[in-house]
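I have placed the structure first, in the form of structure tokens, so that the comments after it can refer back to it.
The values are calculated or read from the model by the stated rules, or taken from the named source; none is laboratory data. For clarity, every value in this text was computed on a predicted model and none was experimentally measured. Please note: Cβ atoms are built from the backbone with ideal geometry, for glycine as well, and neighbour counts cover all protein chains shown.
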Amino acid sequence: MQIDLRTVSIQPQRNAFDHLVRRFGDKPASRYQEGSYDIQAAENLHYRPTWDPDQQLYDAGITRIVMRDWYALKDPRQFYYSTYTLTRARQQDTTEANFAFVESRGLADRLAPELREAVLRLLVPLRHAAWGANQNNTFVCGYGFGTAFTQPCMYHAMDNLGIAQYLSRLGMMLGDVDALDAGKAAWLDGPAWQPLRRYVEDCMVVRDPFELFVAQNAALDGLLYPLVYARIVDGELSARGASAVAMLTQFMAEWFDETRKWVDAVLKAAAAESDHNREVLQGWMAHWNDRAAAALVPVVELVLGADADEAVAAQIAAFKARIHKTEISF
Amino acid sequence: MDMKATKKKLGMKERYRVLTRDLGWEPGYQSKEAIFPYVRYEGIKVHDWDKWEDPFRLTMDAYWKYQAEKERKFYAIIDAHAQNNGHLNLTDARYLSALKIFLQAISPGEYAAHKGFARIGREFPGVGTQVACQMQAIDEIRHAQTQIHAMSNYNRYYDGFHAFADARDRIWYTSVARSFFDDAMSAGPFEFMIAIGFSFEYVLTNLLFVPFMSGAAYNGDMATVTFGFSAQSDEARHMTLGLECIKFMLEQDPDNLPIVQGWIDKWFWRGFRVLGLVSTMMDYMLPKRVMSWREAWEIYGVENGGALFRDLARYGIRPPKGWDDAEKAIDHMSHQFMLGLYQWSFGTAFHSWIPSDDDMAWLSAKYPDTFDRHYRPRWAHIKQLKAAGTPFKNYGLARLCQCCQLPCVFTEPGDPTLTCHRETVYKGEKYQFCSDGCKDIFEHEPEKYIQAWLPMPALFSELGGDVAAWMDWVSLRDGADNGDYDGSRDQRHFDEWRGLATSNL
């Protein structure tokens, strides 16, 4: 008889690392907790940055948001690298299958020319907006404080890059490399895109990481994704016969539904911290929401024409209702 | 019309260009200076970011796919390792000292690299460069997390792991590694790239990872072997990035050469000092040794490093200034370190010990010119003291080097009987150094290094020299985490548990 002694009477000496026991009590910790809490250096930092000696190397003071504990801004998805990557890899399988489906059945080629033009006109320049979002989330990750807050921003930045790449592939499938060139020309010079490009470039000089989080992930993407992917692609364009395109943007629609829960949780926790935070957030939200709405109207007009104002107005109302649940009113 | 027939076929390189570089644009509403404010002050001149060669062409879809596959394997193995009490397969629990040092000092460095690459992944103005840096940023948080997860199970059974987050910021020896990473992160984007991307990842990483992971394999530590192997393909990308970046800087403008050379000199020496701890691990801490530090240096330092610098000679780069001093230190440093660690073991959250007779025979064979002559007599003396019931403990505080933060335990490059000590006076204050290399680094940027947080003086200024209070402050449990391995809880537990697993008692 083989006795499995290895499972017998070996008593663990402790449940978890000290810093996790202090936070969560003396019990085993989850991998999210182990990979997220207190893993950023916190004290006795050696040198001030030569690139800005007024800052500390990790500096909670470079944003107007004040938190007693930045680790309160946790991610409800509990993403650490592994769970993040596995989730995206599964979605990537679906996306790849969708692209293959559309390709193999020639669905893109069957789109009516004016419909194809509309899709390209709307979606291809957005790959540049997604690149801007990548820049901004990379910034928030780099300069924000506390891993709970900054780690999802790195994942978000890579998602933004992935979206920019899906949009590029979509452009090449429906058009050609020329379609990407035309999209870039529109982004650079087309009148419809200039307010949005200005918004994105203005964000790139915001160096308060939390304000940038609000401007990019809440104010802009909170309108852009529902308008473009839900209202226009899944709604308007599918009804007109372009449901193949909805297959190619399924990732973006699902991604937005998933990530908004994280964005809302961060906003809610920051607002709940103090009246000061809530006021700052309300100010930022009002400012950037107005600008985002104005920037998106001409983009939405590209497909919806005269209905654009109504569509944007409806989405602003929905966005306000969403944000009010985080106790931020504007 | 058949669209497919008219479509242009893109080659891999062109396709990658379209999917990454072409995403960027020349800003029109904000100036490049405002968007990228930190890219000029170091003096590096870049005329054309498009000349950047993408070192690897990985799009996000492929990244998610490959990485997820690696993650699945990694967690399957460490789960099995934990469930099956894989820690009992270790050669001996002495081995864990190396892991404890790794978790307290190196894993936080992975996290610092993650933050630093996120910053430069935003600050460099070229899309290709940015994407490469961003991928390294996300990889580095992966490494920090897989290491913490792999060692989490050891923490449940053994001492010395539990307070790694406190040790990172407070205990004296982690200050060596953290000051290295803080130094890199407080530098500009180009210097950061040389420090981490080139010196650490390219020149020195093999000296850290290959011996470390081989040591883990030799000593039955599947958890560490697994994170090492899993990280290896990431490291290959990181090394390519470091090399590409240095070539790019050198090709962009001849004025960049002296700046880059200065950074190579600095970061080679900084890295060499940090990796000194690896020498001790290889020569003393592995119960079953892979190769000596000297042998590792011959392969990964002399051969690989030599080939690299011969390759870079066409750009006018010469080997790092401290290279010869490093060579002279190789046969001494592991012994000097271990003697230091043993005498200060009251203040380390890992164990050290007196090498056994077998260990000393091995050290004699590997270090025929130095061990018997200089170090065996000291160990013999320490052994006698222990046998007499008066073990050698140094409760005096070490003099730390203002630059590398190691205790000044090294000898003169040409004279192993004389402790090396340098000092300099800056603005009326005296500063101490372990070597010419560290003194030179200080004198080049004194305003930076006078800010260094030195843990020993802090013990006096903050805690009045009260060692017990200091232990509380660094979360060191006296009598458990620290001291001689011989007689430790770790030793007792390991022997007892292994007895349970291998006998019928």
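Kindly evaluate residue A:139 against the criterion of being of a type in the set (Phe, Trp, Tyr) and surrounded by 24 or more Cβ atoms within 10 Å (Cβ to Cβ).
So residue A:139 passes the test.
Any idea which residue in segment B:1-41 is modelled with the lowest pLDDT, counting only those that are in a loop (DSSP other than H, G, I, E, B) and small (Gly, Ala, Ser)? Show your work before the answer.
Narrowing segment B:1-41 to residues in a loop (DSSP other than H, G, I, E, B): B:1-2, B:7-11, B:20, B:24-31, B:36-41.
Applying the additional criterion that residues be small (Gly, Ala, Ser) yields B:11, B:24, B:28, B:31.
Details: B:11: 87, B:24: 97, B:28: 97, B:31: 98.
Ranking the qualifying residues of segment B:1-41, first place goes to B:11.
Please state which of the following conditions residue B:155 fails to meet, knowing it meets all the rest: (1) more than 17 Å from the chain's Cα centre (by Cα); (2) more than 7 Å from chain A (Cβ to nearest Cβ).
The single condition residue B:155 does not satisfy is (2).
Before we move on, is residue B:70 under 24 Å from the mean Cα position of the chain (by Cα), of a type outside the set (S, T, N, Q) and surrounded by fewer than 23 Cβ atoms within 10 Å (Cβ to Cβ)? Outline the logic, then answer.
Details: under 24 Å from the mean Cα position of the chain (by Cα): yes; of a type outside the set (S, T, N, Q): yes; surrounded by fewer than 23 Cβ atoms within 10 Å (Cβ to Cβ): yes.
Answer is yes for this residue.
Can you tell me which residue among B:95, B:66 is at the interface with chain A (Cβ under 10 Å from one of its Cβ atoms), hydroxyl-bearing (Ser, Thr, Tyr) and assigned to a helix (DSSP H, G or I)?
Details: B:95 fails: at the interface with chain A (Cβ under 10 Å from one of its Cβ atoms).
So the residue among B:95, B:66 that is at the interface with chain A (Cβ under 10 Å from one of its Cβ atoms), hydroxyl-bearing (Ser, Thr, Tyr) and assigned to a helix (DSSP H, G or I) is B:66.
If residue A:149 meets every condition in (1) buried (at least 23 other Cβ atoms within 10 Å of the Cβ); (2) closer than 14 Å to residue A:125 by Cβ apart from one, which number is that one?
Every condition holds for residue A:149 apart from (2).
Suppose the filter is surrounded by fewer than 24 Cβ atoms within 10 Å (Cβ to Cβ), closer than 26 Å to residue A:23 by Cα, within 20 Å of the chain's Cα centre (by Cα) and within 11 Å of another protein chain (Cβ to nearest Cβ); does residue B:140 pass it?
Working: surrounded by fewer than 24 Cβ atoms within 10 Å (Cβ to Cβ): no; closer than 26 Å to residue A:23 by Cα: yes; within 20 Å of the chain's Cα centre (by Cα): yes; within 11 Å of another protein chain (Cβ to nearest Cβ): yes.
No; evaluated as a whole, the condition is false for this residue.
Restricting attention to segment A:274-330, which residues are within 22 Å of residue A:208 (Cα to Cα) and hydrophobic (A, V, I, L, M, F, W, C)? Before you say what the answer is, go through the steps one by one.
Residues of segment A:274-330 within 22 Å of residue A:208 (Cα to Cα): A:274-293, A:295, A:323, A:326-330.
Matches in segment A:274-330: A:280, A:281, A:284, A:285, A:286, A:288, A:292, A:293, A:295, A:323, A:328, A:330.
Given the criteria at pLDDT 95 or above, buried (at least 23 other Cβ atoms within 10 Å of the Cβ) and within 8 Å of chain B (Cβ to nearest Cβ), does residue A:134 qualify? Spell out the reasoning first.
Details: at pLDDT 95 or above: yes; buried (at least 23 other Cβ atoms within 10 Å of the Cβ): yes; within 8 Å of chain B (Cβ to nearest Cβ): yes.
Spelling it out, residue A:134 is indeed at pLDDT 95 or above, buried (at least 23 other Cβ atoms within 10 Å of the Cβ) and within 8 Å of chain B (Cβ to nearest Cβ).
Take the conditions more than 10 Å from every other protein chain (Cβ to nearest Cβ) and out of contact with any Cys (no Cβ under 6 Å at 6 or more places or on another chain) and apply them to residue A:167. Does it pass? Step through it out loud before you land on a result.
Numbers: more than 10 Å from every other protein chain (Cβ to nearest Cβ): no; out of contact with any Cys (no Cβ under 6 Å at 6 or more places or on another chain): yes.
Spelling it out, it is not the case that residue A:167 is more than 10 Å from every other protein chain (Cβ to nearest Cβ) and out of contact with any Cys (no Cβ under 6 Å at 6 or more places or on another chain).
It is to be established whether one or more residues within segment B:393-402 are within 19 Å of residue B:346 (Cβ to Cβ), within 25 Å of the chain's Cα centre (by Cα) and among the basic types (Lys, Arg). Explain how you work it out, then say what you get.
Going residue by residue through segment B:393-402, those that are within 19 Å of residue B:346 (Cβ to Cβ) are B:393-400.
Now drop any that are not within 25 Å of the chain's Cα centre (by Cα), which leaves B:397-400.
From what is left, the residues that are among the basic types (Lys, Arg) are B:399.
Yes: segment B:393-402 contains one or more residues that are within 19 Å of residue B:346 (Cβ to Cβ), within 25 Å of the chain's Cα centre (by Cα) and among the basic types (Lys, Arg).
Here's the yes/no breakdown for (1) among the small types (Gly, Ala, Ser); (2) part of a helix (DSSP H, G or I); (3) out of contact with any Ser or Thr (no Cβ under 6 Å at 6 or more places or on another chain); (4) in contact (Cβ under 8 Å) with a residue 24 or more places away in the chain:
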residue	(1), (2), (3), (4)
B:122	no, yes, no, no
B:142	no, yes, yes, yes
B:146	no, yes, yes, yes
B:151	no, yes, yes, yes
B:156	no, yes, yes, no
B:159	no, no, yes, yes
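Out of A:48, A:64, A:31, which single residue is touching a His at 6+ places or on another chain (Cβ under 7 Å), of a type in the set (Lys, Arg) and either surrounded by 15 or more Cβ atoms within 10 Å (Cβ to Cβ) or within 18 Å of residue A:148 (Cβ to Cβ) (or both)?
Details: A:48 fails: touching a His at 6+ places or on another chain (Cβ under 7 Å); A:64 fails: touching a His at 6+ places or on another chain (Cβ under 7 Å).
Criteria check complete, one pass: A:31.
Picking from B:77, B:44, which residue would you name as being within 27 Å of the chain's Cα centre (by Cα), over 23 Å from residue A:134 (Cα atoms) and in a helix (DSSP H, G or I)? Break it down stepwise before answering.
Details: B:44 fails: in a helix (DSSP H, G or I).
One residue alone meets the criteria, B:77.
Regarding residue B:195, is this residue part of a helix (DSSP H, G or I), under 18 Å from residue B:279 (Cα atoms) and at pLDDT 90 or above? Steps first, please.
Values: part of a helix (DSSP H, G or I): yes; under 18 Å from residue B:279 (Cα atoms): no; at pLDDT 90 or above: yes.
So residue B:195 fails the test.
Based on what the data block shows, is residue B:50 more than 8 Å from chain A (Cβ to nearest Cβ) and either crowded, with 19+ Cβ neighbours inside 10 Å or at pLDDT 95 or above (or both)? It would help to see each step written out before you state the result.
Numbers: more than 8 Å from chain A (Cβ to nearest Cβ): yes; either crowded, with 19+ Cβ neighbours inside 10 Å or at pLDDT 95 or above (or both): no.
It is false that residue B:50 is more than 8 Å from chain A (Cβ to nearest Cβ) and either crowded, with 19+ Cβ neighbours inside 10 Å or at pLDDT 95 or above (or both).
Select, from B:177, B:184, B:167, the only residue that is in a helix (DSSP H, G or I), touching a helix residue (DSSP H, G or I) at 6+ places or on another chain (Cβ under 8 Å) and either facing another protein chain (nearest Cβ under 7 Å) or more than 20 Å from residue B:204 (Cβ to Cβ) (or both). Talk me through it step by step, then tell me what you get.
On the way: B:177 fails: either facing another protein chain (nearest Cβ under 7 Å) or more than 20 Å from residue B:204 (Cβ to Cβ) (or both); B:184 fails: either facing another protein chain (nearest Cβ under 7 Å) or more than 20 Å from residue B:204 (Cβ to Cβ) (or both).
Testing whether each residue is in a helix (DSSP H, G or I), touching a helix residue (DSSP H, G or I) at 6+ places or on another chain (Cβ under 8 Å) and either facing another protein chain (nearest Cβ under 7 Å) or more than 20 Å from residue B:204 (Cβ to Cβ) (or both) leaves just B:167.
Considering only segment A:39-59, state which residues are in contact (Cβ under 8 Å) with a residue 60 or more places away in the chain and either closer than 18 Å to residue B:175 by Cβ or facing another protein chain (nearest Cβ under 7 Å) (or both).
Just the residues of segment A:39-59 that are in contact (Cβ under 8 Å) with a residue 60 or more places away in the chain, to begin with: A:39-40, A:58-59.
Selection gives A:39, A:40, A:58.
Among the residues in segment A:190-210, are any closer than 23 Å to residue A:78 by Cα, more than 14 Å from every other protein chain (Cβ to nearest Cβ) and in contact (Cβ under 8 Å) with a residue 24 or more places away in the chain?
Just the residues of segment A:190-210 that are closer than 23 Å to residue A:78 by Cα, to begin with: A:209-210.
Now restrict to residues that are more than 14 Å from every other protein chain (Cβ to nearest Cβ): A:210.
Still in the running and in contact (Cβ under 8 Å) with a residue 24 or more places away in the chain: A:210.
Yes: one or more hits.
Out of segment B:252-278, which residues are within 24 Å of residue B:214 (Cβ to Cβ) and either over 12 Å from the mean Cα position of the chain (by Cα) or among the hydrophobic types (A, V, I, L, M, F, W, C) (or both)?
Quick first cut of segment B:252-278, residues within 24 Å of residue B:214 (Cβ to Cβ) only: B:268, B:271-278.
If the condition is that a residue be within 24 Å of residue B:214 (Cβ to Cβ) and either over 12 Å from the mean Cα position of the chain (by Cα) or among the hydrophobic types (A, V, I, L, M, F, W, C) (or both), then B:268, B:272, B:274, B:275, B:277, B:278 are the ones that fit.
Take the residues in segment B:7-47 that are surrounded by fewer than 18 Cβ atoms within 10 Å (Cβ to Cβ) and polar (S, T, N, Q); name whichever of them is nearest to the other protein chains (Cβ to nearest Cβ).
B:30
crowded, with 24+ Cβ neighbours inside 10 Å and within 22 Å of residue B:294 (Cα to Cα): which single residue out of B:214, B:175, B:199 fits that description? Before the answer, list the steps.
Details: B:214 fails: crowded, with 24+ Cβ neighbours inside 10 Å; B:175 fails: within 22 Å of residue B:294 (Cα to Cα).
The match here is B:199.
Could you check segment B:289-382 for helices (runs of 4 or more DSSP H) lying wholly inside it with 1 or more residues that are among the charged types (D, E, K, R), under 30 Å from residue B:251 (Cβ atoms) and within 23 Å of the chain's Cα centre (by Cα)?
Details: elements: B:293-296, B:304-312, B:323-343, B:357-366.
Correct list: B:323-343.
Kindly state which helices (runs of 4 or more DSSP H) lie completely within segment A:129-226 and contain at least 2 residues that are out of contact with any Lys or Arg (no Cβ under 6 Å at 6 or more places or on another chain) and polar (S, T, N, Q).
Result: A:147-174.
Can you say whether residue A:92 is within 30 Å of residue B:190 (Cα to Cα) and at the interface with chain B (Cβ under 7 Å from one of its Cβ atoms), as far as the supplied structure shows? Don't jump to the end; show me each part of the working.
On the way: within 30 Å of residue B:190 (Cα to Cα): no; at the interface with chain B (Cβ under 7 Å from one of its Cβ atoms): yes.
No: the conditions fail for residue A:92.
Taking residue B:79 as meeting all but one of (1) in contact with a helix residue (DSSP H, G or I) (Cβ under 7 Å, 6 or more places away or on another chain); (2) closer than 26 Å to residue B:215 by Cβ, write down the number of the exception.
It is condition (1) that residue B:79 fails.
Starting from residues that are in contact (Cβ under 8 Å) with a residue 60 or more places away in the chain, among the polar types (S, T, N, Q) and assigned to a helix (DSSP H, G or I), keep the ones in segment B:208-242 and report whichever is nearest to residue B:153 (Cα to Cα).
This residue is B:224.
Of the numbered conditions (1) in a loop (DSSP other than H, G, I, E, B); (2) within 11 Å of another protein chain (Cβ to nearest Cβ); (3) among the aromatic types (Phe, Trp, Tyr), residue B:56 satisfies every one except a single condition; which is it?
Result: residue B:56 passes all but (2).
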